[in-house]
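Presented below is the structure to which this report refers.
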Amino acid sequence: MSYAPRCRYGSAGRPDGEQLVLSCSVGFPGTMSCKAGQRHHPLRIRQPRLSETLPGLGRPPLVFNVALPPPDLSSWRAPPSGMPGVWVFDSGRSGPEMVITAMVHGNEYAGGWALENLRRRGPALSSGRLTLILANLEAFDRFDAANPVMSRHVDEDLNRLWHNTRLNSREHSSELERARKLQPYIARADLLLDLHSTLWPSEPLFIAPPRQRSAEFACALAGGKELPQTVLTDLGHHGGSRLIEHAHFMSPGGTGRSCLLEAGPHWEPATVTVMESAIARLLAEAETIHLRGQATEESCPPEMAVVTDNIIARNADFSFIRPWEGGVTIPKAGTPLAHDGHDLIYTPYDECLLIMPNLRPRRGQLAVRLARRTAALFRS
């Protein structure tokens, strides 16, 4: 069975980064077709004057409840590995190389809690080796609860640097130097789970790069108890290559599997719980996933979805019609979503899934991704 997303974009290379998909099929022969090109309504419609019946949400203030305090990560400063932020646990038996990363963004420290809790307990490994990585401790050190969004990174987004053209370039930044130091640990991973959280309210979900082996991995984790069932795949992020898109995981002939977990809001204890459930699922099923591409037990069948559109804010006054939450499915095509200058943004097809809306996007920034659930469940 092959997994080869095939998409043709009607406006590839648009300067604003918006992707208009004319046709899209996810190649699980005989199992599914997302039919993303079957649009029932235009995505953008220019309005001569904005309707008074659609006032819009406006731009909500950046006031957040930090219900989860920063963790004590002092044990990660000079670990036995010799690399700050990296702990390695070896079972002494042959088995898969597992890597769990967290805090790729410094203010997403729910992942720091999850990995520190695991480090203190000591992971029980029956085989293989486990590497735990807190990726951006330097950004984390700048966290201020009074302005919690400002410690996402030091110089640039660490989760947009993982293409060889950036890693092997002569450029320098705090995050780029860190990525180069971490690359040897990433390049040896059989299974990589990257833990993230969200600034705005969103249902948890897994994201896999467009490779069969990684989609299998994400689906195997999503089949566990008390874990998100949605597995999203896309063709990458317009800002650069994410960690899960490192060449080790994207090579057609490779074996490395990767996926990302968006586990919930940044500063909520429940987000740590979701992360710990995913970690427990990985440790319990790693050998079977590595060898067979599936888990031994499935509590809930995963639901796959594919991104069809990246909605980029073209104007500084971009605002949503209402405070949409990530994971909401809009039943009808033509439902108004947002204002963007004189444009109104609509759902282009029925059953449109909203992926992590950014309620305060800057001009040129990704505001929301639209996705369509596949016609059938992924089966390996």
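The values are calculated or read from the model by the stated rules, or taken from the named source; none is laboratory data. All figures in this text were calculated on a predicted structure; none of them were measured in a lab. Backbone-built Cβ (ideal geometry, glycine too); neighbour counts: all protein chains shown. Ligands, DNA and RNA are stripped out before the accessible areas are found, and what is left, the full protein with its side chains, is counted by its heavy atoms. Shrake-Rupley method; radii C 1.70, N 1.55, O 1.52, S 1.80 Å.
Per this entry, ASN107 is not counted among residues that are assigned to a helix (DSSP H, G or I), out of contact with any Cys (no Cβ under 6 Å at 6 or more places or on another chain) and of a type in the set (S, T, N, Q).
Listed conditions (1) of a type in the set (Lys, Arg); (2) over 26 Å from ALA284 (Cα atoms); (3) in a helix (DSSP H, G or I) are all met by ARG170, apart from (3). Has the range 297-316 got any residue that is surrounded by fewer than 24 Cβ atoms within 10 Å (Cβ to Cβ) and assigned to a helix (DSSP H, G or I)? Scanning the range 297-316, I find no residue that is surrounded by fewer than 24 Cβ atoms within 10 Å (Cβ to Cβ) and assigned to a helix (DSSP H, G or I), so the answer is no. Of all residue pairs spaced 6 or more apart or on separate chains, those with beta-carbon atoms under 7 Å, a first member in the range 80-97 that is farther than 21 Å from GLY111 by Cα and a second member that is surrounded by fewer than 16 Cβ atoms within 10 Å (Cβ to Cβ) and modelled with pLDDT under 95 are SER91/SER126. Whenever a residue of the range 239-256 is in contact (Cβ under 8 Å) with a residue 40 or more places away in the chain, its partners that are open to solvent by 20 Å² or more (accessible area, probe 1.4 Å), lying with C-beta atoms within less than 6 angstrom and at least six residues away or across chains, give the pairs GLY239/ARG160; GLY240/ARG160; SER241/HIS163; ALA247/ASN164; HIS248/ALA187; GLY256/HIS248. Against the test of being at pLDDT 95 or above, open to solvent by 50 Å² or more (accessible area, probe 1.4 Å) and under 19 Å from the mean Cα position of the chain (by Cα), the options GLU287, GLU325 yield a single qualifying residue, GLU325. In this structure, LEU205 does satisfy being in contact with an Asp or Glu (Cβ under 6 Å, 6 or more places away or on another chain) and assigned by the TED database to the domain that holds ASN107. Taking the criterion of being under 20 Å from GLU116 (Cα atoms) and open to solvent by less than 40 Å² (accessible area, probe 1.4 Å), the residues of the range 133-151 that qualify are ILE133, LEU134, ALA135, ASN136, LEU137, ALA139, PHE140, PHE143, SER151.
Conditions tested, residue by residue: (1) assigned to a helix (DSSP H, G or I); (2) under 12 Å from LEU193 (Cα atoms); (3) open to solvent by 10 Å² or more (accessible area, probe 1.4 Å).
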position	(1), (2), (3)
THR255	no, no, yes
SER258	no, yes, no
GLU276	yes, yes, yes
LEU283	yes, yes, yes
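Note on the range 184-221: among residues that are assigned to a helix (DSSP H, G or I) and either without any contact (Cβ under 8 Å) to a residue 60 or more places away in the chain or in contact with a Leu (Cβ under 6 Å, 6 or more places away or on another chain) (or both), the one that is most open to solvent (accessible area, probe 1.4 Å) is PRO184. Restricting attention to the range 117-142, the residues being of a type outside the set (Val, Ile, Thr) and either more than 19 Å from ASP90 (Cβ to Cβ) or assigned to a strand (DSSP E or B) (or both) number 13. Does ARG242 satisfy the criteria of being within 21 Å of ALA187 (Cα to Cα), among the basic types (Lys, Arg) and either outside the structural domain of LEU291 (by the TED database) or open to solvent by less than 30 Å² (accessible area, probe 1.4 Å) (or both)? Yes, satisfied.
Within the span defined as the range 353-363, every residue fails to be open to solvent by less than 10 Å² (accessible area, probe 1.4 Å), in a loop (DSSP other than H, G, I, E, B) and touching a Ser or Thr at 6+ places or on another chain (Cβ under 7 Å).
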